[in-house]
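Asker: Supplied in structure tokens, the structure appears directly below.
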Amino acid sequence: MTEQHLPDWADPSVSPAALDAQGVSRRGLLRRAGLFGAAFALGPAATPALAAGGGRFGGEDPRLAYLVGDHHVHSVYSHDAKYTFSQLAAAGAGYGLDWMVFTEHSNVGHARFGAPLEHEEILRARAENPRQLIFQGLEWYIPAAEHCTVFAAPGPHEVDLLTRFESAYDGKLLGYTEGAAGAADTARNEAHAVKAIQWLAEQRRTGYVDDVLVLANHPMRLGIDSPHEMRNWRDAAPEIMIGMEGAPGAQGAALPGWRGTTSIRGEYENKPSAQSWAGYPADAYVTYGGFDWATATVGGLWDALLAEGRLFSVTTNSDAHRVVFDTWKNGDWAAGRNFDNTGRLPDPVNTTTPQPGSDFWPGQFSRTHVGVTRYGYRAVMAGLRAGRVWLDHGHLLDGLEVRLRRERGSGRGVTLGGRLRVRAGEKLVLEITVTTASRPNPRGILPELAHVDVIRGAVRGPAADRDSWRAPDTKVAWTKDVSGRTGTYTLRVPVAVGEEPFYVRLRGSDGNRHGAGYLGAAVDPHGPVPHTPGDGDPWADTWFYSNPIFVDVVGG
């Protein structure tokens, strides 16, 4: 694996005077976590703590630093994108990303030519910029469903793994996806998707690759990712299939006056088709505060998965293809050349005139924060697998640290993605440490957090109906108005323990747009709401979400 160097904000040899405002803020967070300098130097990723292991009560997760990334980026190695690899990598670095995953669309040209060509560029970029973590991945066309991010840890077989997987399991290449001749054989196609995930798990188990992860992309955009399919993917290899996009890319799609009167944030402009799962309501096909309906609905599909007592993470990303207000266009093909026989688009050409687009640059608007104990590729993947994840839009926060612990006793407790084992009747405290935005975001706005919500749901075990998308015992349990608060502060929320296990997760926003949640005000009194088509300025409606913490309860 290519040697990595600490980013400037984590490197004590770099003077604070050489850092920008973001770097100064992140260095402060790192110091408070006790991980600055040698304590954060490159090393093996820490094994996730067994918070509830061995029959012990309570838990003790490690101290964490959060690395910011984007797991869904397209370059000239995707047939429908535009930018060079170097343009995107430079943009990501400029917007403060620590890690990026290039996820090119499957295509005959990509499998034959593009993947190895891009790998050569990635190897050069890793050598030339060892302070940036650059993964190679694939956007997999799931048989019987839509898309997934698939990516592996750097190593001698990373590109071979992706090309073998693409050739054997990609629904587009096999003709198993929506609109293709083989799409009607649903049972076969769904089974093939499960086999694909199991195959990836086997490559990790045998050591062919150090690590590999899968996340479902924009699950509700077409409504063809049914609840039972998502459960089947997760159950096939939960250490591999770790979650889904909580918010899609294409967040600039509905900027007023830009793309059209019917445009929706995330390009969620579809209606149910013959391939869509019939159990989704029509309201599921739009975004809520820019977030997918499955995530934004308190008591909805994400909560239904969590109510089974199993982690299923959410993320956000750019899905960068064509950036809003950008002036570049695709270059022209030379005679006899096309994507099928090259695997790469021609370099783009700058027109100096804004071109059509829906996306933001990686890190410009959407950010996924992953808690790690060391700096490096495997550390990021370990943090994602452990569920130590929170996400924000519009650079709403500089930092978020969450701990759930017993009210009596010492110890740090457990953090996002963790499990706390307690007795019935114990008192817990949820500590939420917020670091507010210290600088204007790329739109020139200094974000202000208006409220923090704690969402609580009962854990009832595996769903009897694998197509259920409801968690009727999940609701907003606590809300705090934090308008006007700045800097770093900690909210301490008492959490009562009854007889049954449960989970808690967090959400908050700038307070600009909210209303009764999709399942009613009694469940969610001030949740995200859809924008009017063609009028969805994302910078004026920003939210953060966190992964859950689970509480396992035993008799008193």
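Asker: Show the residue pairs that are 6+ apart or on different chains and have beta-carbon atoms under 9 Å apart, the first residue being within the range 346-368 and closer than 26 Å to A335 by Cα and without any contact (Cβ under 8 Å) to a residue 24 or more places away in the chain, the second being surrounded by fewer than 24 Cβ atoms within 10 Å (Cβ to Cβ) and aromatic (F, W, Y).
Answerer: Note: pairs meeting the criteria are V349/W328; N350/W328.
Asker: Out of the range 471-494, which residues are out of contact with any Asp or Glu (no Cβ under 8 Å at 6 or more places or on another chain) and open to solvent by 90 Å² or more (accessible area, probe 1.4 Å)?
Answerer: P472, D481, R485, T486 - these are the residues of the range 471-494 that are out of contact with any Asp or Glu (no Cβ under 8 Å at 6 or more places or on another chain) and open to solvent by 90 Å² or more (accessible area, probe 1.4 Å).
Asker: Scan the range 424-442 and tell me whether some residue there is touching a residue at least 60 places away in the same chain (Cβ under 8 Å), in contact with a Lys or Arg (Cβ under 7 Å, 6 or more places away or on another chain), open to solvent by less than 30 Å² (accessible area, probe 1.4 Å) and charged (D, E, K, R).
Answerer: No, because not a single residue in the range 424-442 is touching a residue at least 60 places away in the same chain (Cβ under 8 Å), in contact with a Lys or Arg (Cβ under 7 Å, 6 or more places away or on another chain), open to solvent by less than 30 Å² (accessible area, probe 1.4 Å) and charged (D, E, K, R).
Asker: Taking only pairs six or more apart or across chains, which ones have beta-carbon atoms under 6 Å, a first residue in the range 244-255 that is under 15 Å from W293 (Cα atoms), and a second residue that is modelled with pLDDT of 95 or more and of a type in the set (K, R)?
Answerer: Q251/R265
Residues checked against (1) open to solvent by 10 Å² or more (accessible area, probe 1.4 Å); (2) in contact with a Pro (Cβ under 8 Å, 6 or more places away or on another chain); (3) in contact (Cβ under 8 Å) with a residue 24 or more places away in the chain; (4) outside any helix (DSSP H, G or I):
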| site | (1), (2), (3), (4) |
| --- | --- |
| P116 | yes, no, yes, no |
| L123 | yes, no, yes, no |
| I134 | no, no, yes, yes |
| E139 | no, no, yes, yes |
| A145 | no, no, yes, yes |
| D160 | yes, no, no, no |
| T163 | yes, yes, yes, no |
| E166 | no, no, yes, no |
| Y176 | yes, yes, yes, yes |
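Asker: Return yes or no: is G508 closer than 20 Å to W293 by Cβ, small (G, A, S), open to solvent by less than 30 Å² (accessible area, probe 1.4 Å) and assigned to a loop (DSSP other than H, G, I, E, B)? Spell out the reasoning first.
Answerer: On the way: closer than 20 Å to W293 by Cβ: yes; small (G, A, S): yes; open to solvent by less than 30 Å² (accessible area, probe 1.4 Å): yes; assigned to a loop (DSSP other than H, G, I, E, B): no.
No, not satisfied.
Asker: Regarding E239, is this residue within 17 Å of F360 (Cβ to Cβ), open to solvent by 50 Å² or more (accessible area, probe 1.4 Å), touching a Lys or Arg at 6+ places or on another chain (Cβ under 9 Å) and at pLDDT 95 or above?
Answerer: So E239 does not fit the description; no.
Asker: Next question. When the range 165-178 is examined, which residues are found to be under 15 Å from D225 (Cα atoms) and either at pLDDT 90 or above or among the small types (G, A, S) (or both)?
Answerer: Passing the criteria: only G171.
Asker: Taking the stated definitions as given, is D524 within 22 Å of G290 (Cβ to Cβ) and charged (D, E, K, R)?
Answerer: Considered against the rule, which asks whether it is within 22 Å of G290 (Cβ to Cβ) and charged (D, E, K, R), D524 comes out as yes.
Asker: Right, here's the next one. Among the residues of the range 409-441, what is the count of those that are in a strand (DSSP E or B), under 19 Å from F550 (Cα atoms) and not small (G, A, S)?
Answerer: Going through the range 409-441 one residue at a time, the tally reaches 13.
Asker: Return a yes/no flag: does the range 184-197 have any residue that is surrounded by 17 or more Cβ atoms within 10 Å (Cβ to Cβ), closer than 22 Å to R378 by Cβ and either under 23 Å from the mean Cα position of the chain (by Cα) or modelled with pLDDT of 95 or more (or both).
Answerer: Yes, there is a match, as at least one residue in the range 184-197 is surrounded by 17 or more Cβ atoms within 10 Å (Cβ to Cβ), closer than 22 Å to R378 by Cβ and either under 23 Å from the mean Cα position of the chain (by Cα) or modelled with pLDDT of 95 or more (or both).
Asker: Also: Which residue is modelled with the lowest pLDDT, if the candidates are limited to the range 69-88 and must be over 17 Å from Q355 (Cα atoms) and open to solvent by 10 Å² or more (accessible area, probe 1.4 Å)?
Answerer: S86
Asker: Could you grab me the full set of residues in the range 147-158 that are open to solvent by less than 30 Å² (accessible area, probe 1.4 Å) and not polar (S, T, N, Q)? Spell out the reasoning first.
Answerer: At the first step, the residues of the range 147-158 found to be open to solvent by less than 30 Å² (accessible area, probe 1.4 Å) are 147-155, 158.
Passing the criteria: H147, C148, V150, F151, A152, A153, P154, G155, E158.
Asker: Please go through the range 308-329 and pick out each residue that is open to solvent by 30 Å² or more (accessible area, probe 1.4 Å) and under 21 Å from H147 (Cβ atoms).
Answerer: Scanning the range 308-329 gives a single hit, R322.
Asker: Go through the residues of the range 331-343 one by one and say whether even a single one is under 30 Å from D392 (Cβ atoms), in contact (Cβ under 8 Å) with a residue 40 or more places away in the chain and under 28 Å from the mean Cα position of the chain (by Cα). Give the steps one after another, and end with the answer.
Answerer: The first filter runs over the range 331-343 and keeps only residues under 30 Å from D392 (Cβ atoms), leaving none.
Scanning the range 331-343 turns up no residue that is under 30 Å from D392 (Cβ atoms), in contact (Cβ under 8 Å) with a residue 40 or more places away in the chain and under 28 Å from the mean Cα position of the chain (by Cα).
Asker: Would you confirm, using the coordinates I've provided, whether G289 is surrounded by fewer than 24 Cβ atoms within 10 Å (Cβ to Cβ) and either among the small types (G, A, S) or under 30 Å from T353 (Cα atoms) (or both)?
Answerer: no
Asker: I'd like to check something: does the range 221-231 contain any residue that is in contact with a Phe, Trp or Tyr (Cβ under 6 Å, 6 or more places away or on another chain) and closer than 19 Å to G517 by Cα?
Answerer: Looking only at the range 221-231, we keep the residues that are in contact with a Phe, Trp or Tyr (Cβ under 6 Å, 6 or more places away or on another chain), and these are 221, 223, 226-227.
Keeping just the survivors that are closer than 19 Å to G517 by Cα gives none.
No, the range 221-231 has no match at all.
Asker: Does G515 satisfy the condition of being touching a Lys or Arg at 6+ places or on another chain (Cβ under 6 Å) and farther than 22 Å from V402 by Cβ?
Answerer: So G515 does not fit the description; no.
Asker: Hey, another quick one. How about the range 86-114: which of its residues are assigned to a helix (DSSP H, G or I) and more than 23 Å from the chain's Cα centre (by Cα)?
Answerer: Correct list: V108, G109, H110, A111, R112, F113, G114.
To keep it simple, each residue is scored yes or no on (1) of a type in the set (K, R); (2) assigned to a loop (DSSP other than H, G, I, E, B); (3) closer than 28 Å to G260 by Cα.
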{"site": "S318", "(1), (2), (3)": "no, yes, yes"}
{"site": "F325", "(1), (2), (3)": "no, yes, yes"}
{"site": "D332", "(1), (2), (3)": "no, yes, yes"}
{"site": "A335", "(1), (2), (3)": "no, yes, no"}
{"site": "L345", "(1), (2), (3)": "no, yes, yes"}
{"site": "T352", "(1), (2), (3)": "no, yes, yes"}
{"site": "P362", "(1), (2), (3)": "no, yes, yes"}
{"site": "T368", "(1), (2), (3)": "no, no, no"}
{"site": "M381", "(1), (2), (3)": "no, no, no"}
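Asker: Within the range 244-263, is there a residue that is open to solvent by less than 10 Å² (accessible area, probe 1.4 Å), part of a helix (DSSP H, G or I) and within 27 Å of D453 (Cα to Cα)?
Answerer: Taking every residue of the range 244-263 in turn, none turns out to be open to solvent by less than 10 Å² (accessible area, probe 1.4 Å), part of a helix (DSSP H, G or I) and within 27 Å of D453 (Cα to Cα).
Asker: Going through the range 380-395 one residue at a time, which ones are surrounded by 23 or more Cβ atoms within 10 Å (Cβ to Cβ) and in contact with a Leu (Cβ under 9 Å, 6 or more places away or on another chain)?
Answerer: Hits for the range 380-395 are V380, M381, G383, L384, A386, G387, R388, V389, W390, D392.
The values are calculated or read from the model by the stated rules, or taken from the named source; none is laboratory data. In this text, all values refer to a predicted model and were calculated from it rather than measured experimentally. Cβ sites come from the backbone with ideal geometry, for glycine too, and all protein chains shown count toward neighbours. The area values use the complete protein model at the heavy-atom level, side chains included, leaving out ligands, DNA and RNA. Shrake-Rupley method; radii C 1.70, N 1.55, O 1.52, S 1.80 Å.
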